[in-house]
1. Using a 1.4 angstrom probe, figure out how much accessible area the range 189-247 has per residue, in square angstrom, rounded to the nearest whole.
2. For the range 74-121, just say rounded, prolate or oblate: build the C-alpha gyration tensor, square-root its eigenvalues into a ≥ b ≥ c, call rounded for a/c under 1.5, and beyond that prolate if a/b exceeds b/c, oblate if not.
3. Show 262, 95 ordered by accessible area, largest first, where the area counts protein heavy atoms only and the probe is 1.4 Å.
4. Once you list every other residue whose beta carbon is under 15 Å from the beta carbon of residue 304, what net charge do they have if Lys and Arg are +1 and Asp and Glu are -1?
5. Which of the pairs 220/260; 22/293; 23/113; 100/210 have their Cα atoms more than 25 Å apart in this structure?
6. Please report the accessible area of residue 55 (heavy atoms, 1.4 Å probe, ligands and nucleic acids excluded) in Å², nearest 10.
7. Going by a ≥ b ≥ c, the root eigenvalues of the Cα gyration tensor, does the range 239-291 fall in the rounded group (a/c under 1.5), the prolate group (a/b larger than b/c) or the oblate group?
8. State in Å² the accessible area per residue of the range 67-107; use a 1.4 Å probe, count heavy atoms of protein chains only, and round to the nearest integer.
Amino acid sequence: MGAYSDYLNRNFSFEQLTAERKKQLRRISQLRGGRDVLVYAADLGNPQKSNAPIMLGYADLLPISDQLSNLNGDQIDLILETPGGSGEVAEDLVRLLHGKYKHVAVMVPGYAKSAGTIIAMAGDEILMEPASALGPIDAQIFWQGKVFSADALIEGFEKIKEEVTKSNTLNKAYIPILQSISPGELQSAQNALNFAKVLVTEWLTNFKFKDWDTHSSTGKPVTNEERRARAEEIAGKLCDHRRWLTHGRSLKISDLEEMKLRITDYSGNADLADAIRRYHTLIQMTFQTNIYKVIETVDSQIYRFIAQQIGPPSPQNVNAPAEAAMAEFAIDCPNCHAVSNIQANLGAPQPIQPGRIPFPANNKLPCPSCGTVIDLSDARRQLEAQARKPIIA
């Protein structure tokens, strides 16, 4: 049985889900020789959270610094799940990690795209498995209400320039385009592209390649110039929009190794792979609540909650502020569409209000009209995440 099926069958409360997540995180640390572990994970897959700030941003630096202050080792594994975000914040995060630790490994169980890939390039070690993916690092810019690849924009204007040079005439179709962008904006696009290349080149040279002493093919010593040349080559390929065509492209282990970037494939270690996959599954289950970011260590955590209401598909208006003693919500039977009004007592027993059905202890609600059993496991996790208190049957 897969980890996801296993955990679904257990009908975890949010408290139990959190305890199991910490258990697997502790297991990862132990299997990695007792290294510190820091998680930065964002919800990438819930369209209901499209307005949540899931991208890496300046607001993340304080909780990251807070969680790092709880750790005292000299080696760390960063478990990373992110769609990307600010390159400047990625730089600040890398400085925090390498300023505190002698050895930094970046572990990618799912996706670390864009700025997440930039962070990964700062690892002394990068750990992935075949299902994991990084992404291109070509800078994205906002222009005329749309998001463009900086590399693609610059390439487009270079083609116009080349065409004009060859023909000595300007196609009139290009005039509105040229009038809408200034030389300063083009330079900003070039600067954004160069910034990613510079970061990746410096970090690969100083961290990933620092112990690359001999050529595997010849046994000859590796010079600093060769380390930098290899780093520049990899950075250039990661930035090349013409190579990947889309910013969202998934770069797998084979793609990275083709660039001559060595990746540790943790799938070869059965115990470690199981622990990481279980943890990643539990993080995804955590995101089935209104949590959109988790920043945590083995012993502590910070959650980012979305302000708007997020609920499972069936229950309506599932909501429980932290100070609430109870929560009430309606649920439609998927079979007969009869509506049941549920009362969930939070943290302590409360009298059941007239017309309300107490939240079932086993999360299974038989429809009072037709007897169809309705699973309220997702509703329990959401309510307990929002209220930060267990539901008391």
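The values are calculated or read from the model by the stated rules, or taken from the named source; none is laboratory data. What you see is a predicted model, and the numbers here were worked out from it, not measured in a lab. All Cβ positions, even for glycine, are placed from backbone atoms using ideal geometry, and neighbour counts span all protein chains on display. We work out accessible area using only protein heavy atoms, side chains counted, and drop any ligands, DNA or RNA first. Shrake-Rupley method; radii C 1.70, N 1.55, O 1.52, S 1.80 Å.
1. 55 Å²
2. Oblate, since a/c reaches 1.5 and b/c is not below a/b.
3. Ranked list, largest accessible area first: 262, 95.
4. Neighbour charge sum, excluding residue 304 itself: -2.
5. 23/113
6. The accessible area of residue 55 comes to roughly 90 Å².
7. The shape class here is oblate.
8. 36 Å²
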